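Working notes, structure below.
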Amino acid sequence: MGQLTAVILAAGEAKRMRSRQPKVLHPLCGRPLIAYALRTARAVADRTVVVVGPNAADVRATAGDGVLFVEQRERLGTGHALQQARAACGEGPVVVLAADMPLVSSETLERLIDHHRATSAAATLLTVVAGRPQGYGRILRQGGRVKRIVEDRDATDDQKKITEINVSVYCFDTRRLWKALAEVRPDNEQGEYYVTDVIGILAKAGGRIEAVVAPDPVEGLQVNDRKQLAAVAAILRRRILDRLMTDGVTIVDPAATYVEDTVVIGADTTVYPHVVIEGPTSVGSECVIGSGCQISGSRLADRVHLRPYCVLTEATVEEGAQLGPFCHLRPLSHVGPRAKIGNFVEMKKSRIGPGSKVPHLSYVGDATVGEGVNIGAGTITCNYDGVAKHETRIGDGVFVGTNSSLVAPLTIGEGAYIAAGSTITKDVPPGALAVGRAHQIVKEGWAARKAKKRTGVED
Ligand code: UD1
Ligand code: CA
């Protein structure tokens, strides 16, 4: 039957989004909207063609490799868009998908294609029976067979009562498709060339039209505006959480948890409410993600424990490390195995070695910290001199006393001690004690002398 080509229609102007950004690039659970149609298409087709509008460099860039692009210069409707793909299609059947139907599954699409092949139909379309069919094309049947599709805006009041709607997913016999498409006229309310009219033209010519009704009506949900985007996102979010729970992740409150489609989480990890995990993030097994954490584009190994309210961006956390509550790991933070990052600690572009501790109130930036190091409360790496950033290197087993300022560039050798309250500006050799603070002066009896001066009376 020849190679199967999938054509994704993605050139629409998306006026209803009221956005400067193309609709198909609006993010949906961590991926651009078009990524879902692409994934479904790639799962079933030998080749994928995407019809894009002018100035669609961003859309082309997100679609990735192995996709052919054709341009629809003028937006004259879905039928006109499909016409542009003709030269890019092969001899085999053509599957057409609108780019704004992200909940259509590849299983459903496979069923549609199998049914199309088994029946040798001229066209097979996907429909759903919708609770609220407003805005969709309605399926007109005669004696049970599909005769044509009428768009919502062209429908009579009686036709508007029909609840079986067109999903915008079709499988066509190639030869008959192009012939019928050439006959489509823009005689409708919008003055556009509708792909939906191909169905009526084929049926009239005696072609067999088949319809597959999707078992789950949500597969028919489209994204024309931002309210629909949010509605689709809610369903997708729940699907993602269901998949994770099936794979052994505990989601304490699915209604209050946001995990994007790009996230991987290992078994026996527990995610508490009000957590956001987004971007290309992987979380290992047996981790605990406390309430209020936000993790973006990060990698957490097994048995990592995040206490509540940690914010991690492009960070790496190794096995058994403990973080928070309230810590902030900025890009290129690397926390070693079994290390501990406590409350109100900010890290940036730094490595903390195995078992090292930064338990309270510190800033660690552009630093490399060895193994078994203790960084006292209130320690700051002074990495910026107003012009450039400088590095701090702290060797294994170093003890940094509380409230120290480490002025970079700086190297503190293995096993050295920094006295509390020091400002360290010079390198410290291994095993040394560095004290960088004023000497303490004690004036015995000073308080009594002061009181006497004020009142003239001795205590
Ligand atoms: C379309 C269907 C409607 C169906 C609905 C379901 C038509 C005429 N109507 O309506 O029956 O119920 O989808 O989702 O097809 N596009 C182009 N070039 C264009 C116009 C559109 O590439 O000139 C693309 C859009 O980017 C979009 C897809 O085609 O991905 C569908 O276009 P859209 O405007 O959303 O069609 P609907 O009015 O929703
Ligand atoms: Ca649409």
**OP:** Please report the relative contact order for the chain, taking Cα pairs under 8 Å with a sequence separation of at least 6, and give it as a percent rounded to a whole number.
**Re:** 8
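Only helices at least 15 Å long along their axis, Cα-based, and averaging -0.5 or more on Kyte-Doolittle count here, so list those DSSP H runs from the chain.
Numbers: long enough: 33-44 (19 Å, 1.04); 106-119 (19 Å, -1.01); 226-246 (30 Å, 0.16).
Membrane-span-like by this rule: 33-44, 226-246.
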Original post:
Between Arg175 and Ile235, 0.36 nm times their residue separation minus their Cα-Cα distance comes to what?
Top reply: 17.8 nm
Original post:
For the peptides 312-323, 226-237, what is the packing order when you average, over each peptide's residues, the other Cβ atoms within 10 Å and list the highest mean first?
Top reply: 312-323, 226-237
**OP:** Report the FRET efficiency, 1/(1 + (r/R0)^6), for Arg226 and Gln142, where r is their Cβ-Cβ distance and R0 is 35 Å, rounded to 0.05.
**Re:** 0.40
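Holding the Cα-Cα limit at 26 Å, pick out from Lys23/Lys147; Lys15/Lys204; Lys348/Lys426 the pairs that are longer than that.
Violating the 26 Å limit, Cα to Cα: Lys23/Lys147; Lys15/Lys204.
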**OP:** Give the cross-link partners of Lys452 among the lysines, using a straight C-alpha distance below 27 Å as the criterion and excluding same-chain residues fewer than 8 apart.
**Re:** Lys443
Subject >> Cα-centred dipole magnitude for segment 202-344, charges only on beta-carbon of K, R (+1) and D, E (-1), debye, nearest 20 >> reply: 300
Original post:
So if we plug the beta-carbon distance of Asp158 and Asp253 into 1/(1 + (r/R0)^6) with R0 = 45 Å, what FRET efficiency do we get, rounded to 0.05?
Top reply: 0.50
Original post:
How much length is gained if the chain between Arg437 and Arg20 is pulled fully straight, taking 0.36 nm per residue apart and subtracting their Cα-Cα distance, in nm to one decimal?
Top reply: 144.4 nm
**OP:** Using a 10 Å cut-off on Cβ atoms, rank the peptides 90-96, 77-83 from the highest mean neighbour count down.
**Re:** 77-83, 90-96
**OP:** Using label points projected 7 Å from each Cα along Cα→Cβ, tell me how many nm separate Glu183 and Val387, to one decimal.
**Re:** 7.8
Subject >> Ala87-Arg111 pseudo-label distance in nm [points 7 Å out on the Cα-to-Cβ vector] >> reply: 3.8
Original post:
In what sequence, highest mean first, do 134-141, 209-216, 375-382 appear when ranked by Cβ atoms within 10 angstrom?
Top reply: 375-382, 134-141, 209-216
Subject >> Gyration tensor (alpha-carbon) shape descriptor, segment 1-157, a/c threshold 1.5 >> reply: oblate
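No value in this document is a laboratory result; all are computed from the given coordinates. Model, not experiment: these values are computed from the prediction. Backbone-built Cβ (ideal geometry, glycine too); neighbour counts: all protein chains shown.
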